[in-house]
Amino acid sequence: MATLSRGNKPPAPTPSRTPGKGVKSTQPKPSKPANTAKQTPSKDPTPRKGGLRSERLRALPPFLFNAIDDRKRAAIAAGKDVINLGVGDPDQPTPRFVIDQLITSAQEPKNHQYPDCYGTKRFLAAAAEFMHKRFGVKVDPTKNIVATIGGKDGISHLPLGVVDPGDRVIIFTPAYPVYNQASLLAGARVKKIETTPANGWRPDLSTLNESLLRATKLMWLNFPGNPTGASIALDHLDTLAARAIAQGVIVASDLAYSEIYFEQGPSSCPSIFQCPSVDINRDAVIEFHSLSKTFNMTGWRMGFAVGHADVVQALKQTKDNYDSGPFNAVQEAAATALERYDDPIIAAMRTEYATRRDIAVAGLRAIGCQVTPPQAGIFVWARCPVESGAGENAGKPMSSWKFVEKLIDEAGVVTVPGAGFADTAASYVRVSLTRETPRLREAMERLKALKF
Ligand SMILES: Cc1ncc(COP(=O)(O)O)c(C=O)c1O
């Protein structure tokens, strides 16, 4: 069986054309030819210095899930019943009212043509209304909002629109990997600032000094966060935003999990535009929203970005050159979803996630993990149990790669190692709550049988 990287870090990028052991190559595999008679497996079809992939691609770290997927596939091939608590992809269906709207809208021939690429009138109005009703934020739907093909589309394209090669971009880690990768693809110099458990995985304000900020073009924020589940109080968010804005930094906030909140209610997931220091008409701030998690719509690819008109315009201009917007029928269905963001079905979804959170927290604690129950989002973030025995690591928290390997191999349970996100998370693990409740319960039962 392939071995996951053993150190504190994820597998190193593979500079050569041969993938490292246990690491799936990010290089496209030669596709199987339809007629194999004449074709032999290709050598590099462009035998130039550096090989087929661009320097930009070769500079990216490998996709975190590749190494885990290899391990998972091996477990499945060995006949294991695998429970995947790795990826954050909701198991619950999209609400019926959204599907019904798609069916109606898909039957309209006018929707079969190129989409309204920046957003249909109805979608933009629904997004603006959502911002107003949910956060009390008033925006101009045509100037301040653009429809995106899921949150990832907007997030990944923003740096191309606002960052020049060599510009500094700040990312607080552990973080959703796309902030880093998209910034690198735009040629940025990424400054990763590691957060720690001592600060609840939130930025320590002392790490943001004036000279660093003055030399920075863009700063990413994500609360509730992936992978840590950390949420942020409005005054903390306000201070962060104010400091960055004062030095001319563009602030990009990712609010993908805004509607999955628990005991502390909706105010635990504030919009950056609720901050007293932030003015959408004055400050270079943009916020990314997604329908993926709130409405169980990951497969539909729908979201929106809202922000200062010039920042939104830069994103529109970038996207103009990459895509033609989301399918109009999907936009209409997404408008219906946003119009009903306070539907009881969404409240029921939150209750289900809270139940799952409690099951996961109890199960992880039972095997010696340290866990702070998250107040929002779809992940539980836990410190691995301490190693027993007399080895050199005895008494220390287990490395997350080792823990994740053990869980897959001995319990058929897939999780994500924190080491893939940041050095400070080398002994942390991310557990997704997007599996059916009985399956999650079963996963936790299986863990109890393991010895650490
Ligand atoms: C923090 C965060 N932002 C954005 C996304 C992108 O989601 P989507 O493109 O499905 O909207 C994800 C997906 O996992 C995420 O975790």
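Observations on the model:
- Over the chain, dividing the summed -39,500 (n - 2.57) contributions of all DSSP H runs of at least 4 residues by the number of residues returns a 222 nm mean residue ellipticity of -10000 deg cm²/dmol.
- Among Gly363, Ala425, Tyr322 - extreme Cα towards positive end, dipole of segment 293-427, charges at beta-carbon: Gly363
- Rounded, prolate or oblate (a/c below 1.5 giving rounded, otherwise prolate when a/b exceeds b/c) for the chain by Cα gyration tensor: rounded
- When +1 charges are put on Lys and Arg Cβ atoms and -1 charges on Asp and Glu Cβ atoms, the dipole computed for the chain relative to its Cα centre reaches about 1720 debye.
- Computing FRET efficiency as 1/(1 + (r/R0)^6) for Glu55 and Lys396, where r is the C-beta to C-beta distance and R0 is 45 Å, gives about 0.70.
- Here the simple spin-label model places points 7 Å from the Cα toward Cβ, and for Gln247 and Gln113 these points are separated by 4.9 nm.
- Local electrostatic count, Ile103, Cβ distance below 12 Å [Lys/Arg +1, Asp/Glu -1]: -2
- Shape category assigned to segment 84-181 from the gyration tensor of Cα positions, a/c cut at 1.5: prolate
- Amide H contacts under 5 Å for Asn222, placed H, 5+ residues apart: Asp254
- Check: segment 96-339 dipole with +1 on Lys, Arg Cβ and -1 on Asp, Glu Cβ, in debye: 240 debye
- Gyration tensor verdict on segment 191-340 (Cα atoms; rounded if a/c is under 1.5, prolate if a/b is larger than b/c, oblate otherwise): oblate
- Under-5 Å amide H pairs with Thr173, H placed in peptide plane, nonlocal only: Ile193, Glu194, Thr195
All of the numbers you see were taken from the coordinates with simple rules; none came from a lab. As the structure is a computational prediction, the values presented were derived from the model and not from experiment. Backbone-built Cβ (ideal geometry, glycine too); neighbour counts: all protein chains shown.
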